[in-house]
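First comes the structure, then the notes that go with it.
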Amino acid sequence: QVQLTESGGRLVQAGGPLRLPCAAPGRTFSDYAMAWFRQAPGKEREFVTTTTRTGDSAYYADSVKGRFTISKDNAKNTLYLQMNNLKPEDTAVYYCAAGRIANTAASRYDSWGQGTQVTVSS
(Lines give C-alpha, C1' and ligand atoms only; values in the text may rest on other atoms or scores of the structure.)
Protein backbone atom coordinates (compact mmCIF):
# COMPACT_ATOMS: atom_id res chain seq x y z
CA GLN A 1 0.00 0.00 0.00
CA VAL A 2 0.93 3.63 -0.50
CA GLN A 3 0.58 6.42 2.04
CA LEU A 4 -1.21 9.30 0.37
CA THR A 5 -1.74 12.82 1.67
CA GLU A 6 -4.16 15.26 0.06
CA SER A 7 -4.11 18.98 0.70
CA GLY A 8 -5.41 22.23 -0.75
CA GLY A 9 -9.07 21.93 0.12
CA ARG A 10 -10.79 25.16 1.17
CA LEU A 11 -13.82 27.38 0.72
CA VAL A 12 -14.02 28.82 -2.79
CA GLN A 13 -16.64 30.84 -4.67
CA ALA A 14 -18.59 29.33 -7.51
CA GLY A 15 -16.83 29.82 -10.83
CA GLY A 16 -13.41 29.87 -9.23
CA PRO A 17 -10.46 27.49 -9.59
CA LEU A 18 -8.74 25.25 -7.08
CA ARG A 19 -5.87 22.78 -7.31
CA LEU A 20 -5.55 19.78 -5.03
CA PRO A 21 -2.23 18.00 -4.64
CA CYS A 22 -1.82 14.45 -3.39
CA ALA A 23 1.65 13.46 -2.27
CA ALA A 24 3.21 10.04 -1.77
CA PRO A 25 6.76 10.72 -0.60
CA GLY A 26 9.32 7.97 -0.87
CA ARG A 27 7.32 5.79 -3.24
CA THR A 28 7.77 4.84 -6.88
CA PHE A 29 4.83 6.81 -8.15
CA SER A 30 5.08 5.45 -11.66
CA ASP A 31 4.14 1.98 -10.37
CA TYR A 32 0.59 3.15 -9.65
CA ALA A 33 -2.50 4.22 -11.48
CA MET A 34 -4.09 7.09 -9.57
CA ALA A 35 -7.57 8.48 -9.15
CA TRP A 36 -9.67 11.10 -7.43
CA PHE A 37 -12.98 10.32 -5.79
CA ARG A 38 -15.28 12.55 -3.78
CA GLN A 39 -17.98 12.15 -1.18
CA ALA A 40 -20.64 14.72 -0.41
CA PRO A 41 -22.60 14.66 2.87
CA GLY A 42 -25.23 11.93 2.84
CA LYS A 43 -24.01 10.54 -0.47
CA GLU A 44 -21.86 7.62 -1.54
CA ARG A 45 -18.29 8.09 -2.63
CA GLU A 46 -18.22 8.80 -6.36
CA PHE A 47 -15.61 8.56 -9.06
CA VAL A 48 -14.17 11.82 -10.37
CA THR A 49 -11.18 10.98 -12.56
CA THR A 50 -8.37 8.49 -13.05
CA THR A 51 -5.04 8.35 -14.84
CA THR A 52 -2.68 5.58 -15.83
CA ARG A 53 0.71 4.74 -14.36
CA THR A 54 2.49 6.90 -16.90
CA GLY A 55 -0.05 9.70 -16.60
CA ASP A 56 -0.50 9.92 -20.35
CA SER A 57 -4.15 8.90 -20.37
CA ALA A 58 -7.10 9.99 -18.25
CA TYR A 59 -10.82 9.37 -17.85
CA TYR A 60 -13.37 11.71 -16.29
CA ALA A 61 -16.85 11.50 -14.86
CA ASP A 62 -19.35 13.33 -17.05
CA SER A 63 -20.09 15.77 -14.23
CA VAL A 64 -16.54 17.16 -14.26
CA LYS A 65 -15.49 16.65 -17.88
CA GLY A 66 -14.15 19.86 -19.37
CA ARG A 67 -13.74 21.49 -15.95
CA PHE A 68 -11.35 19.21 -14.04
CA THR A 69 -7.91 17.98 -15.08
CA ILE A 70 -5.89 15.20 -13.46
CA SER A 71 -2.12 15.21 -13.79
CA LYS A 72 0.64 13.05 -12.41
CA ASP A 73 4.19 14.19 -11.74
CA ASN A 74 6.11 10.96 -11.27
CA ALA A 75 9.34 12.82 -10.59
CA LYS A 76 7.76 14.64 -7.63
CA ASN A 77 5.58 11.71 -6.53
CA THR A 78 2.59 14.02 -6.64
CA LEU A 79 -0.86 13.78 -8.18
CA TYR A 80 -2.87 16.90 -8.94
CA LEU A 81 -6.50 17.72 -9.53
CA GLN A 82 -7.01 21.07 -11.21
CA MET A 83 -10.61 22.17 -10.80
CA ASN A 84 -11.97 25.09 -12.79
CA ASN A 85 -15.40 26.70 -12.95
CA LEU A 86 -16.36 25.13 -9.64
CA LYS A 87 -20.02 24.66 -8.82
CA PRO A 88 -21.78 24.30 -5.46
CA GLU A 89 -22.51 20.66 -6.34
CA ASP A 90 -18.75 20.04 -6.37
CA THR A 91 -18.76 20.49 -2.58
CA ALA A 92 -17.38 17.27 -1.08
CA VAL A 93 -14.45 15.62 0.61
CA TYR A 94 -11.97 14.75 -2.12
CA TYR A 95 -9.85 11.62 -1.86
CA CYS A 96 -6.92 10.44 -3.92
CA ALA A 97 -6.36 6.73 -4.43
CA ALA A 98 -3.67 4.46 -5.82
CA GLY A 99 -3.99 1.10 -7.51
CA ARG A 100 -2.49 -1.18 -10.11
CA ILE A 101 -4.84 -0.35 -12.96
CA ALA A 102 -6.80 2.81 -13.75
CA ASN A 103 -10.46 2.14 -13.04
CA THR A 104 -13.65 3.94 -12.14
CA ALA A 105 -14.50 1.55 -9.30
CA ALA A 106 -13.35 2.50 -5.81
CA SER A 107 -12.89 -1.17 -4.95
CA ARG A 108 -10.01 -1.38 -7.43
CA TYR A 109 -7.85 0.97 -5.36
CA ASP A 110 -6.12 -0.30 -2.26
CA SER A 111 -4.53 2.91 -0.99
CA TRP A 112 -6.42 6.02 0.01
CA GLY A 113 -5.64 9.40 1.48
CA GLN A 114 -7.51 10.92 4.42
CA GLY A 115 -9.39 13.39 2.22
CA THR A 116 -9.53 17.14 1.92
CA GLN A 117 -12.69 19.25 2.17
CA VAL A 118 -13.71 21.43 -0.77
CA THR A 119 -16.63 23.77 -0.23
CA VAL A 120 -18.03 25.83 -3.10
CA SER A 121 -20.24 28.76 -2.16
CA SER A 122 -22.88 30.12 -4.52
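The values are calculated or read from the model by the stated rules, or taken from the named source; none is laboratory data. Remember, it's a predicted structure, so these values are computed and weren't measured experimentally. Note that each Cβ is placed from the backbone with ideal geometry, even for glycine, and that neighbours are counted across all protein chains shown. Please note that ligands, DNA and RNA were not included when accessible areas were found on the heavy atoms of the full protein model with its side chains. Shrake-Rupley method; radii C 1.70, N 1.55, O 1.52, S 1.80 Å.
The rows are residues; the columns are (1) within 13 Å of the chain's Cα centre (by Cα); (2) open to solvent by 30 Å² or more (accessible area, probe 1.4 Å); (3) at pLDDT 95 or above; (4) more than 20 Å from GLN3 (Cβ to Cβ).
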{"site": "ARG53", "(1), (2), (3), (4)": "no, yes, no, no"}
{"site": "ASP62", "(1), (2), (3), (4)": "no, yes, yes, yes"}
{"site": "THR69", "(1), (2), (3), (4)": "yes, yes, yes, yes"}
{"site": "ASN77", "(1), (2), (3), (4)": "no, no, no, no"}
{"site": "GLU89", "(1), (2), (3), (4)": "no, yes, yes, yes"}
{"site": "ALA106", "(1), (2), (3), (4)": "yes, yes, yes, no"}
Just for strands (runs of 3 or more DSSP E) wholly inside the range 1-108: which have at least 1 residues that are closer than 20 Å to THR119 by Cβ?
11-13, 18-23, 33-39, 46-51, 68-73, 78-83, 92-99
Search the range 91-104 for residues being more than 11 Å from the chain's Cα centre (by Cα) and either closer than 14 Å to THR49 by Cβ or of a type in the set (Gly, Ala, Ser) (or both), and hand back the single one that is most open to solvent (accessible area, probe 1.4 Å).
THR104
If you check PRO25, PRO21, which single one turns out to be modelled with pLDDT under 95 and closer than 18 Å to ALA97 by Cβ?
PRO25
Do we have ALA75 as within 18 Å of GLY8 (Cα to Cα) and hydrophobic (A, V, I, L, M, F, W, C) here?
no
Name the residues in the range 109-122 that are in contact with a Ser or Thr (Cβ under 7 Å, 6 or more places away or on another chain), assigned to a strand (DSSP E or B) and not aliphatic (A, V, I, L, M), would you?
THR116, THR119
